[in-house]
1. Given a cut-off of under 8 Å on Cα pairs at least six residues apart, what relative contact order in percent is computed for segment B:470-572?
2. What nm distance separates the two modelled labels at residue A:16 and residue B:403, each placed 7 Å from Cα along Cα→Cβ?
3. What three numbers, in Å, describe the spread of the alpha carbons of chain B along their principal axes, ordered from the longest?
4. What's the average, rounded to a whole number, of partner chain beta-carbon atoms within 10 Å of each residue's beta-carbon in A:139-151?
5. Which value results for Rg/Rh of segment B:347-453 when Rg is the Cα radius of gyration and Rh the Kirkwood radius based on the inverse mean 1/r?
6. How shielded is A:42-50 by partner chains, expressed as the average number of their Cβ atoms within 10 Å of its Cβ atoms?
7. Once you measure Cβ to Cβ distances between cysteines in chain B, which Cys have no partner under 4.7 Å?
8. For residue B:413, what residues show an amide H to amide H distance below 5 Å, using hydrogens built from the backbone and excluding near sequence neighbours?
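Laboratory data are not the source of any read-out in this text; all were calculated from the coordinates shown. Keep in mind that this is a model prediction, so the values were computed, not measured. Counting neighbours? That spans all protein chains shown, and the Cβs are built from the backbone with ideal geometry, glycine included.
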2 protein chains.
Amino acid sequence: MKIKNLIGDRFKERPSDCVTDSHALMVRGGYMKYVANGIYSSFPPLKNITRKIEQIIREEMDRIEGQEVLFPVVLPGTLWDESGRNSSVGNELLRFEDRNGSSMVLGMTHEEAAVQLVREYAQSYVKYPFMIYQIQTKFRDEARPRAGLIRVREFTMKDAYSFHTSQEDLEEYYSKCFHAYERIFARVGIPEVIAVSSDSGMMGGNVSHEFMLLTPIGEDSLAICKECDYRANMEAAASIVNNENNLQSSSLELIYTPNVSSIDDVVKFLDIPIENTCKAVVYQMNLTDEYVLVFIRGDLDVNETKLTNILGSDIHPAIITEESRLKAGYIGPYKLEGNHKVLFDKSLQHIDNLSCGANIGEYHYIGFNIERDYGKVEYHDLSKIRVGGVCPQCGKHAITISRGIEVGNIFQLGTKYTKAMNMEYVDKDGNHQYPIMGCYGIGVGRLAASVCEVRHDEYGPIWPITIAPWQVHLCCLRSDDLPTKECADTLYQYLLDANIEVIYDDRNVRAGVMFSDADLLGVPIRVIVSPKNIQENRVEIITRDKTISMKADISEAVLSVKNLIAKLTNDISI
Amino acid sequence: MKIKNLIGDRFKERPSDCVTDSHALMVRGGYMKYVANGIYSSFPPLKNITRKIEQIIREEMDRIEGQEVLFPVVLPGTLWDESGRNSSVGNELLRFEDRNGSSMVLGMTHEEAAVQLVREYAQSYVKYPFMIYQIQTKFRDEARPRAGLIRVREFTMKDAYSFHTSQEDLEEYYSKCFHAYERIFARVGIPEVIAVSSDSGMMGGNVSHEFMLLTPIGEDSLAICKECDYRANMEAAASIVNNENNLQSSSLELIYTPNVSSIDDVVKFLDIPIENTCKAVVYQMNLTDEYVLVFIRGDLDVNETKLTNILGSDIHPAIITEESRLKAGYIGPYKLEGNHKVLFDKSLQHIDNLSCGANIGEYHYIGFNIERDYGKVEYHDLSKIRVGGVCPQCGKHAITISRGIEVGNIFQLGTKYTKAMNMEYVDKDGNHQYPIMGCYGIGVGRLAASVCEVRHDEYGPIWPITIAPWQVHLCCLRSDDLPTKECADTLYQYLLDANIEVIYDDRNVRAGVMFSDADLLGVPIRVIVSPKNIQENRVEIITRDKTISMKADISEAVLSVKNLIAKLTNDISI
């Protein structure tokens, strides 16, 4: 199509509300338009990109025997009652009533709908395994949408659900899907995406992976081992702490510590290693406001995801009241008052000599020994893994932390949904069983923005040919020059006739305007027709990333473009 | 794919809740599954069909310079406030609040979103005309969903919006879109769809057309002239009544008419032609409950759409209370009490001698003459056109009434939305103007169901090749016979290699089961491999509609199938 007809504005100034490059470039390039907080419309260039991404995903899902279906956006609340998630999921599940007062929700994920679709069909083991998927709009009422298409409220997602009669079969399929995801990310032009172990969160199940694109703007922190292939979301990464007992065992002693309430102050005041301090971190359960006290080594932080999983309840940092009988700044395990939930992190295990709050204003204990002075306790892994920490896989102090965007995820769900929703099949021996499920998601818009985030320069996106809004950007410099215009018009037609996707700029504007627009549209191949080139009977062909720049005879321009498309496609294909 | 892996059940019994054949067959064939009232999931066969329909629509929209975009499903209520529709549209617009208490709606149509998308872009006349479209999920909280996919609450729709700087330009584009719609319906296999003039309803604007598929299960009644090309939705069809003055003029006289309150009774009791009676039909405005009295010739019915348009307000049949001072059964124009809105239908014009209610219990007037006894009145076209009525175009008594399903609609919206939402452009002369809009819709699921409704036999749908879930249904009769199975397996692979879409039945089931499943899937070409055919070195190739049945050498089977696909496609292409 001609750029002069393309709807949407392109402009130079970075919008002040855009914190990420992809967001800024996709607004500046006329890809997306703000409609409401976390809700956008797509202009044609973005629609072209997402349509291509969807087609790549579809092909890869079909390749692993996926069957495309469509679930509703609006689901009855009763369906989510069946799984229990209507009450367990928070505000991000948008609930409302229809005109008849029936409780409805906007689908933010479709496990319930998937089970409902196949519950009657799959009553015999011979129907298994199978996988169904959809590409559909979802709505998640995020508290804090951010970064343009990276975290939105409404989005298009591919979500897939597989059903199995054994854990082995699930694992085999899970691995197939894992590889399908690798192919998808490679085909959309970001083969560097890595898979990390993750926390299953509200989805349930045990094993899960997130596919992460490493970038400083990512919302997730990832623990990556330099020495082995261990990779995990920090939320899920086991934290291993080997204590060295820096201080000798000693007897419990109460010390007056005026105005010493932070760990740093305690360490300074008592002149002890921070590894010998026991810190209290206090939370409250969201539903009951019950206090939860986590005791952890003073130099470590609590991993709230792990804590939430152990408690089976969401939490928030505590507001410490008079009635709690907790002495903020001086809380410790010994002689703790009040009937609160208490948890000990593994980092406190095997330290004979600790300092800790005394539960008396301005006092601490030193020489505290948990087993001796408090009794036998169960230790939980509740701390955050740290840079230089111990790799849970190879045991070396080789953990690095990187930030990443989650561009896909896969879960082994087990029987959580089939059991709750009473989906059964009869096995070979006539016994009733619950099928085992896996689920597999990719957000289409986020994937587009992620590609932009790692494939751009200061002038605009550099779209991989497989998902670019067009394959070729044809520029007619000096469209007021008749021979040039005629040549460009003819070439445009020839390219179209060759089934090449072309955006054609035949506006009578300065080259600077033309090229900055082309940069913003990020089309991988640029063909330039100009009076100067025409005189040599040539056109210029340049890739957006500037790695290839050549001149071609006009008569061979279409062929050269075709070859270049093939080359660029080939560079990406896997 | 193999039918044994295809999710979804097929069965023989017609579900008792299915009133239309398409609904029954699409449930029996494993196309769709009920989730909630008017909300369905799609199984793979339906998803295949709708994907193909969407692609045909996309191609035809692109052909008329449409640019594909995507609007959100969830829209801010403030956007609908701008157009005024947040208050003017009834319960079918689903309104709710998000987690922050912001008012949101589920998009049931996207005029507001379209204007919002291009309002900044299209501020100069040089940007016009343009058309944008999307294919997206919509939700309309219908009071009475029915007939499976014909009238649902959640549906996928293609909706397009064009913007123009002159009425002429809109009309030119409208006509282009009209023809694009004709091509779409022809390409999905129902070229018999007709366009009728329609009422613009809540969309606003003056000229609009509905594309109608004639079938007895249709929800709309259409006035079609036998003598000319006049076609209109009954809601919009002008009713022309030529009065003959069956009775001589006479003086007004009050008559005691005990127990005579219906028009039939009046005619019988007074022994007068029904064409000389004046009937009162009473409504109330929805918002104010104000009474509206329509006087109309006794033999005619009120067209409530026309009445609503004239009033500019929704209405319901009246509940007549004591306070209204209306004498139900005896209401007439003469000496009417109470301060009610009164409208006269054109059918009462030029009748000198009428009988009508006397506004006194059990009394009527005869010899009533509106102009003489009541005064000068304005007559409106408020009556329903009738079979044998006068064609508003050719003037002949040639109107027939048919029922139809609306499979598409196009509207000339004018400046209703651009004005309300303050979208302006600067014209050639530097003046500010409101762009003129058109909008164009097609429901994808309804279109699929409509095709099924008119292309099926008692055994199942007969899908046109252009939208069929697969092109070929390969049946291996007696898969327990090794040579037969090997031949069918090989043929399956060859067909796939030739890029033909095949559903392959290699189950070891009776031919009856196999064929009834194939009938329900409605795939246009069936290829049968059986021991008997194998002996002759042949396969059988039959079309679903049984018009073509042949045998082909195994070695030429793929070629024969290819040729048949080409022929069937060619029969449809336009």
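1. Working: 159 pairs, mean separation 29.6, N = 103.
After rounding, I find 29 percent.
2. It is 6.2 nm.
3. So the three principal-axis extents are 96, 65, 49 Å.
4. Numbers: counts 6, 0, 5, 1, 2, 0, 0, 0, 0, 0, 0, 0, 0.
The mean count of partner-chain Cβ atoms within 10 Å per residue comes to 1.
5. Numbers: Rg = 24.2 Å, Rh = 20.2 Å.
Radius of gyration over Kirkwood radius for segment B:347-453 works out to 1.20.
6. Details: counts 7, 8, 6, 2, 2, 8, 2, 0, 1.
Mean shielding by partner chains, rounded to a whole number: 4.
7. B:18, B:177, B:439, B:452, B:475, B:476, B:487
8. Here B:437, B:438, B:439 satisfy the definition.
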